[in-house]
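J.: Below: one structure in structure tokens.
The values are calculated or read from the model by the stated rules, or taken from the named source; none is laboratory data. Since the model is a prediction, treat every value here as computed from it, not as a measurement. Cβ atoms come from the backbone with ideal geometry, glycine included; neighbour counts cover every protein chain shown. Each accessible area value is taken on the protein alone, full model and side chains, heavy atoms only, with ligands, DNA and RNA left out. Shrake-Rupley method; radii C 1.70, N 1.55, O 1.52, S 1.80 Å.
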Amino acid sequence: MPLQAFDAAERLAQIRARVRAAGGTDASLIAVSKKQASDAIRALAAAGQRRFGENYVQEAVAKRRELADPALEWHLIGPLQSNKAALAAQHFDWVQSLDRPKLVPLLAQARAVGAAPLNVLLQVNIDDEHSKSGCAPQAIETLARAVAAEPRLRLRGLMAIPAPYPDPARRRLAFARMRVEFDALRLHHPGIDTLSMGMSEDFEAALAAGATMVRIGTALFGPRPA
Ligand SMILES: *Cc1c(COP(=O)(O)O)cnc(C)c1O
């Protein structure tokens with residue numbers, strides 16, 4: 001256990017240094033803990049990491065309950081099925097994967113009145129991949145208006161997972177296009193402050209393009225258990 005805690009502190013310090021060198025801050029970093037054991041999350045939390053990203057609603061609910069640490073902030077970054085929307089609204093602080101109008105009332109109605117509004121990012125399918133979730137860029141503004149009209153939701157910005165092109169120039173292009181979408185959305189929604197893009201392989205390029213939040217899994221935790 002002490003060795004693991006030491007590893008976590010070391011990894012976190014290294015990644016934080018790279019994030020800062022690329023223009024981000026410690027708060028920009030979401031530690032993606034999907035499929036990672038609660039002990040590993042606890043070790044990172046002990047080293048000072050507060051924000052965690054999970055892909056599966058039920059897995060996250062179980063871990064959050066197990067860790068029982070009110071200082072931690074939980075972000076849903078995986079695709080959201082309608083039948084999990086209520087659970088997500090009750091157990092996450094942020095939903096980064098809102099990508100269709102149907103989810104808006106489902107999330108809003110399930111968010112407890114006593115809780116802070118649910119922070120929402122709209123996921124954009126920036127490379128127009130058939131297999132990916134995310135809305136088309138042309139659909140952003142309509143979706144944004146629907147979220148902004150819900151007092152139980154708080155629109156914070158956009159999220160994207162660009163296609164994993166081997167060519168870094170193509171990824172940079174996707175990040176740059178997301179930045180354009182973000183700036184355009186901010187003209188109508190001046191309160192938004194979050195552009196979530198960049199993962200272990202490409203977070204420095206994402207920060208250079210204007211990301212305010214990066215989602216890093218394997219570079220922090222090591223490979224995910226199968
Ligand atoms: C798994 C995942 C990540 C983290 O990926 P790594 O390559 O392990 O850093 C980031 N964002 C989303 C949406 C993911 O599903």
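J.: Checking the conditions here, which among A115, A86 is outside any loop (DSSP other than H, G, I, E, B) and open to solvent by 30 Å² or more (accessible area, probe 1.4 Å)?
T.: Numbers: A115 fails: outside any loop (DSSP other than H, G, I, E, B).
It is A86.
J.: Determine whether R51 is free of Cβ contacts under 8 Å to residues at least 60 places away in the same chain, out of contact with any helix residue (DSSP H, G or I) (no Cβ under 7 Å at 6 or more places or on another chain) and open to solvent by 10 Å² or more (accessible area, probe 1.4 Å). Before the answer, list the steps.
T.: Values: free of Cβ contacts under 8 Å to residues at least 60 places away in the same chain: yes; out of contact with any helix residue (DSSP H, G or I) (no Cβ under 7 Å at 6 or more places or on another chain): yes; open to solvent by 10 Å² or more (accessible area, probe 1.4 Å): yes.
Taking the combined requirement at face value, the residue satisfies it.
J.: If you go through the stretch 174-209, how many residues are in a loop (DSSP other than H, G, I, E, B) and among the aliphatic types (A, V, I, L, M)? So that I can check it myself, show each step before the final result.
T.: As a first pass, look at the stretch 174-209 and keep what is in a loop (DSSP other than H, G, I, E, B): 189-193, 197-202, 209.
Next cut, among the aliphatic types (A, V, I, L, M) only: 192, 197, 199, 209.
The qualifying residues number 4.
J.: A further question on this structure: Could you list, in sequence order, the residues of the stretch 156-173 that are in a loop (DSSP other than H, G, I, E, B) and either in contact with a Leu (Cβ under 7 Å, 6 or more places away or on another chain) or within 14 Å of C135 (Cα to Cα) (or both)? Even if it seems obvious, please write down each step before you answer.
T.: The first filter runs over the stretch 156-173 and keeps only residues in a loop (DSSP other than H, G, I, E, B), leaving 161-167.
Those that are in a loop (DSSP other than H, G, I, E, B) and either in contact with a Leu (Cβ under 7 Å, 6 or more places away or on another chain) or within 14 Å of C135 (Cα to Cα) (or both): I161, P162.
J.: Next question, about the same structure. Can you pull out every residue in the stretch 66-110 that is within 14 Å of the ligand (Cβ to nearest atom), over 18 Å from L44 (Cα atoms) and not hydrophobic (A, V, I, L, M, F, W, C)?
T.: Selection gives G78, P79, Q96, S97, D99.
J.: Same structure again: Keeping to the stretch 202-226, report how many residues are more than 9 Å from the ligand (Cβ to nearest atom) and not acidic (D, E).
T.: 12
J.: When you look at T194, is it surrounded by fewer than 21 Cβ atoms within 10 Å (Cβ to Cβ), within 16 Å of the ligand (Cβ to nearest atom) and within 19 Å of L103 (Cβ to Cβ), yes or no?
T.: Values: surrounded by fewer than 21 Cβ atoms within 10 Å (Cβ to Cβ): yes; within 16 Å of the ligand (Cβ to nearest atom): yes; within 19 Å of L103 (Cβ to Cβ): yes.
Yes: the conditions hold for T194.
J.: Kindly establish whether K63 is within 16 Å of the ligand (Cβ to nearest atom) and either surrounded by 15 or more Cβ atoms within 10 Å (Cβ to Cβ) or touching a residue at least 12 places away in the same chain (Cβ under 8 Å) (or both).
T.: Details: within 16 Å of the ligand (Cβ to nearest atom): yes; either surrounded by 15 or more Cβ atoms within 10 Å (Cβ to Cβ) or touching a residue at least 12 places away in the same chain (Cβ under 8 Å) (or both): yes.
Criteria met by K63.
J.: Report every pair of residues separated by at least 6 positions or lying on different chains whose Cβ atoms are under 6 Å apart, first residue within the stretch 211-224 and under 19 Å from Q123 (Cα atoms) and hydrophobic (A, V, I, L, M, F, W, C), second in a loop (DSSP other than H, G, I, E, B) and near the ligand (Cβ under 7 Å from one of its atoms).
T.: I216/S200
J.: Taking Q14 as meeting all but one of (1) more than 16 Å from the ligand (Cβ to nearest atom); (2) part of a helix (DSSP H, G or I); (3) open to solvent by 50 Å² or more (accessible area, probe 1.4 Å), write down the number of the exception.
T.: (1)
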